[in-house]
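Data block below; observations after.
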Amino acid sequence: MPLRVFKSQRLYCNVAMKEVGKHIYCTPAQANYILHSLRLRSGDTILTFNGYDGEWCARLNLQSKKKCSLELLTQVRRQTIGPDIQYLFAPLKRERLDYMVQKATELGVASINPIYTKHTVANRVNLDRIRINTVKAAEQCGILHIPDIRTPERLVNCLKSWDPERNIIFANENANSTSPIKILEKVGRGKIAVLIGPEGGFSDSERKYLLNQPFVKSISLGPRIMRADTAAIAVLTLVNAVLGDWQAYS
């Protein structure tokens, strides 16, 4: 059974959705998107979600050429959550960062954690832009939750306060060429994090510090050196297949 009807338009609204008949008043940006991009008209229906109250079918009520509201009709899906995967990464430049954030959202991560390293290319992160990209990706791919966006921090500071019960899957270009699937199977299911380094890789001191942490599990991605955004998709795919919610479909 498909998760959703793929022709249905979806809109994320950060308001409570608890009862039939509630009216949600759209922001100017949402109204512009609904009326001009989607070209919906008064009486049309749209799916809406907030990340914690499931997905609802709502009817569009046009108030003016620039204002509209949504009336909740019925809940079509109960709230679900993705796998408990934190995604830690060294920020990239703008377009590639947008792409990586979108794909991480589609792959169901619970949180997005920018991490500064010695070789990080982008020294500033626009958290609002990251948030917009997570919402767009969630709207388009049908998931019901939006990843938490964490404040950027230095790698060492992050690890010093780390929960030792949450294993970090470290994509290490210097790791032994053991099958990553076999390593992940030994980790076991539970709280997981995925760590992707910068374009220039981790420094020797950073890599040594990582490998000295008992909760860090180093895996190889094979004989080819991948770009950071490609590596992120590869590792998140492996983790979902072995430890994440893809297991429910096996």
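The values are calculated or read from the model by the stated rules, or taken from the named source; none is laboratory data. Fair warning: this is a prediction, and the values are worked out from it, not measured in the lab. Positions of Cβ are generated from backbone atoms using ideal geometry, with glycine treated the same way; all protein chains shown enter the neighbour counts. These accessible areas exclude ligands, DNA and RNA; they are computed on the full protein's heavy atoms, side chains included. Shrake-Rupley method; radii C 1.70, N 1.55, O 1.52, S 1.80 Å.
Yes or no: the range 27-45 includes at least one residue that is in contact (Cβ under 8 Å) with a residue 40 or more places away in the chain and open to solvent by 20 Å² or more (accessible area, probe 1.4 Å).
Let us first name the residues in the range 27-45 that are in contact (Cβ under 8 Å) with a residue 40 or more places away in the chain, namely none.
Within the range 27-45, not a single residue is in contact (Cβ under 8 Å) with a residue 40 or more places away in the chain and open to solvent by 20 Å² or more (accessible area, probe 1.4 Å).
Give, as residue ranges, the strands (runs of 3 or more DSSP E) completely inside the range 8-50 that count at least 2 residues that are more than 22 Å from the chain's Cα centre (by Cα).
Details: elements: 10-12, 23-25, 45-49.
So the answer is 23-25, 45-49.
Name the residue that is nearest to Met226 (Cα to Cα), counting only residues in the range 94-130 that are among the small types (Gly, Ala, Ser) and within 13 Å of the chain's Cα centre (by Cα). If you could, list the steps in order and put the result at the bottom.
Initial filter on the range 94-130 (among the small types (Gly, Ala, Ser)): 104, 108, 110-111, 122.
The next check asks that each one be within 13 Å of the chain's Cα centre (by Cα); those that pass are 104, 108, 110-111.
Details: Ala104: 16, Gly108: 21, Ala110: 24, Ser111: 23 Å.
Residue satisfying both the conditions and the ranking: Ala104.
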Matching residues in the range 198-250 - criterion: being part of a loop (DSSP other than H, G, I, E, B), among the small types (Gly, Ala, Ser) and open to solvent by less than 30 Å² (accessible area, probe 1.4 Å): Gly201, Ser203, Ser220, Gly244
Pick from the range 150-184, criterion in contact with a strand residue (DSSP E or B) (Cβ under 7 Å, 6 or more places away or on another chain) and part of a loop (DSSP other than H, G, I, E, B), ranking: farthest from Asn240 (Cα to Cα): Pro152
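Given Val125, Val135, which one is in a loop (DSSP other than H, G, I, E, B), on the phi < 0 side of the Ramachandran plot and open to solvent by less than 60 Å² (accessible area, probe 1.4 Å)?
Working: Val135 fails: in a loop (DSSP other than H, G, I, E, B).
Of the residues listed, the single one that is in a loop (DSSP other than H, G, I, E, B), on the phi < 0 side of the Ramachandran plot and open to solvent by less than 60 Å² (accessible area, probe 1.4 Å) is Val125.
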